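The values are calculated or read from the model by the stated rules, or taken from the named source; none is laboratory data. No experiment lies behind these values; they were computed from the predicted model shown. All Cβ positions, glycine included, derive from the backbone under ideal geometry; neighbour counts span all protein chains shown. We work out accessible area using only protein heavy atoms, side chains counted, and drop any ligands, DNA or RNA first. Shrake-Rupley method; radii C 1.70, N 1.55, O 1.52, S 1.80 Å.
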Amino acid sequence: MKGKKILMYVGIILALIFVVVLGWLVSVNKNAEKNGVQEIIPEEEISNTQLRQTIITLYFMNKETGELAPEARQIDARLLLENPYEVLINMIIEGPKNEQLIKIIPQGTKINKMEIKEGIVYIDFSDDFIKEQALGEAQEKIIIKSILKTLVELKEVNGIKILINGEENSCFPDEAVKFNEIFYAE
């Protein structure tokens, strides 16, 4: 008989402890909601296309200042898988989307060949890159700097080497900027 009473008291005590703990958990949850802590449920799922988007930075000349200015663009990351250097240079050739920026590589310029060796991107442009260009040294340097700054955004790139129709020792027509050297990021 005593054993049954003790067992009954232990059962009652355990039931009371359970009710107190349950009440405490409900109270804590209500306080969390009052203090602004809530579970956030997304309104819509992120699509595969959105997951593949990445932001790149291209550099063009600012109309007002004549200095280089960045332009951020969101593109599909898959475009950068095979030859990211060529994709980025072709985007510079196409020109900026921002009306405050100026296209700096002449229309009709094509990439004959492009490769990377030991951190240097070798870019072989068609002669349209230099044809009929009489920009002066400052603007010519901006063109080189635009290409360089855009490409060094990629971690493996340290510099660029420009060739014209496969020739290494070319230059702009005024011979202010020559392509006989490798251009490195500052």
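Structure notes:
- Residue count for the stretch 166-186, restricted to those that are touching a strand residue (DSSP E or B) at 6+ places or on another chain (Cβ under 9 Å), in contact (Cβ under 8 Å) with a residue 24 or more places away in the chain and either open to solvent by 80 Å² or more (accessible area, probe 1.4 Å) or among the small types (Gly, Ala, Ser) (or both): 4
- Scan of the stretch 108-141 for residues that are part of a helix (DSSP H, G or I) and touching a Pro at 6+ places or on another chain (Cβ under 8 Å), ordered by number: 128, 129
- Applying the condition of being closer than 20 Å to residue 95 by Cα and of a type in the set (Asp, Glu) to the stretch 135-165 and asking which residue is surrounded by the fewest Cβ atoms within 10 Å (Cβ to Cβ) yields 153.
- Flag for residue 90 being closer than 25 Å to residue 54 by Cα and either polar (S, T, N, Q) or touching a His at 6+ places or on another chain (Cβ under 6 Å) (or both): yes
- Residue 92 in contact with a strand residue (DSSP E or B) (Cβ under 6 Å, 6 or more places away or on another chain), touching a residue at least 24 places away in the same chain (Cβ under 8 Å) and crowded, with 19+ Cβ neighbours inside 10 Å: yes
- Selection count, the stretch 112-132, where residues are open to solvent by 20 Å² or more (accessible area, probe 1.4 Å) and of a type in the set (S, T, N, Q): 1
- When the stretch 8-22 is filtered for residues that are over 60 Å from the mean Cα position of the chain (by Cα) and either of a type in the set (Val, Ile, Thr) or loosely packed, with under 10 Cβ neighbours inside 10 Å (or both), the ones remaining, listed by number, are 10, 12, 13.
- Residues of the stretch 127-159 classified as out of contact with any helix residue (DSSP H, G or I) (no Cβ under 9 Å at 6 or more places or on another chain) and touching a residue at least 60 places away in the same chain (Cβ under 8 Å), total: 5
- Members of the stretch 53-89 that are open to solvent by less than 70 Å² (accessible area, probe 1.4 Å), out of contact with any helix residue (DSSP H, G or I) (no Cβ under 8 Å at 6 or more places or on another chain) and part of a loop (DSSP other than H, G, I, E, B): 77, 83
- Test result for residue 105, assigned to a loop (DSSP other than H, G, I, E, B), more than 21 Å from the chain's Cα centre (by Cα) and either in contact (Cβ under 8 Å) with a residue 40 or more places away in the chain or surrounded by 13 or more Cβ atoms within 10 Å (Cβ to Cβ) (or both): yes
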